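Read through the structure below, which is laid out as C-alpha cells, and then see the notes.
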Amino acid sequence: MAMNVEYTIELDHRVWIPVPLVFPWNGYADAATWAHDLSTSLMSGIDAPEEVRAALEQAAVAMADVDSPLPGALERFWHLPVEGGPERLVHLYVTETEARTAEELAELARAGVGGFVQTVTVLEGTAFDVALRAVVLTDLPDRRIAVLRTLGIRGGHVFVVELIEEQTAVLEELEPAVEALFRSIRVRVEGDERPRATAQGAWS
C-alpha cells in the first residue's frame, strides 16, 4: 500500500530564509524581484545605508541562482542569522526508502556524494522513527569537502537536510542550527494515496 507523507517545517525566521528553487514563485516572476522585496523587508526599520540593502539584494539573487547539489531538492534555506554568522544554503530532500534501522540509514548518509562517513550520531526526540546526524568527507580533484546530513525515516521515506561545506570550522558552527532545522520538521503519514513528498531518486 502506498503511503501518503506530508510535512511542515517550523522555520525560525531569525536564522533561516526560504529560497525559491524555481521561478515564477509565489507571485514573483524572477529572482530579481523576489530579492528586491526580501532585502527591503529585512532592512525595514534598520538605519543603514542603501548600499547595505543593495548588497543584501545581490546576495539573495546569488542564493536563488545556485543549483541544487543533487537532483530532487524540495526546498532550500539560506542561513542568514539576525545576530550574524556564516551565510550558507542547505537543501531538503525527501525520497522513498526501504531502510528501517539506524544501520541502514547510516548507509544512506553517503548516497549521491560518495566519500566516507566520518561521524554518525543517532538523534532522539525527532518526528521520525529513526534519525541520525552524519558528516561525510569527500575528496574532489582539487579539494576535500564535508557534507553534514541529518536524516530521518518515516512512512517509507527518508528526509535529508544537507549542508555542503569546505571549511570544517564553519560546518561545526552551523551543525546546531542545521539540526534544529531538521528537528522542526513535522510529518503526517496517511495510508492509501500517492506520496506528496517525492524526489528523483538521488538517494537510491
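Looking only at residues in the range 178-204 that are within 20 Å of residue 137 (Cα to Cα) and under 16 Å from the mean Cα position of the chain (by Cα), which one is modelled with the lowest pLDDT?
Only one residue tops the list, namely 203.
Scan the range 31-47 and report the pairs whose first residue is free of Cβ contacts under 8 Å to residues at least 12 places away in the same chain and whose second residue is in a helix (DSSP H, G or I) and open to solvent by less than 50 Å² (accessible area, probe 1.4 Å), with Cβ atoms within less than 9 Å and a gap of 6+ or a chain change.
46/53
Output yes when any residue across the range 67-88 is open to solvent by 60 Å² or more (accessible area, probe 1.4 Å), more than 24 Å from residue 173 (Cβ to Cβ) and outside any loop (DSSP other than H, G, I, E, B), and no when none is.
Checking the range 67-88: not a single residue is open to solvent by 60 Å² or more (accessible area, probe 1.4 Å), more than 24 Å from residue 173 (Cβ to Cβ) and outside any loop (DSSP other than H, G, I, E, B).
Tell me the strands (runs of 3 or more DSSP E) entirely within the range 114-167 that contain at least 2 residues that are open to solvent by less than 60 Å² (accessible area, probe 1.4 Å) and closer than 19 Å to residue 70 by Cβ.
Working: elements: 116-122, 130-139, 144-154, 157-165.
Result: 130-139, 144-154, 157-165.
A quick yes/no check of all residues on (1) open to solvent by 50 Å² or more (accessible area, probe 1.4 Å); (2) within 30 Å of residue 97 (Cβ to Cβ); (3) assigned to a strand (DSSP E or B); (4) of a type in the set (Asp, Glu):
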residue: 32; (1), (2), (3), (4): yes, no, no, no
residue: 37; (1), (2), (3), (4): yes, no, no, yes
residue: 42; (1), (2), (3), (4): yes, no, no, no
residue: 51; (1), (2), (3), (4): yes, no, no, yes
residue: 59; (1), (2), (3), (4): no, no, no, no
residue: 62; (1), (2), (3), (4): yes, no, no, no
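Give the range 89-113 a look and list any residue that's β-branched (Val, Ile, Thr), assigned to a loop (DSSP other than H, G, I, E, B) and either open to solvent by 30 Å² or more (accessible area, probe 1.4 Å) or within 19 Å of residue 66 (Cβ to Cβ) (or both), or say none.
Those that are β-branched (Val, Ile, Thr), assigned to a loop (DSSP other than H, G, I, E, B) and either open to solvent by 30 Å² or more (accessible area, probe 1.4 Å) or within 19 Å of residue 66 (Cβ to Cβ) (or both): 101, 113.
The values are calculated or read from the model by the stated rules, or taken from the named source; none is laboratory data. Here the structure is a predicted model, which means the values were calculated and not measured. Here Cβ is always computed from backbone atoms with ideal geometry, including for glycine, and neighbour counts include all displayed protein chains. With ligands, DNA and RNA removed, areas are computed over all heavy atoms of the protein, side chains included. Shrake-Rupley method; radii C 1.70, N 1.55, O 1.52, S 1.80 Å.
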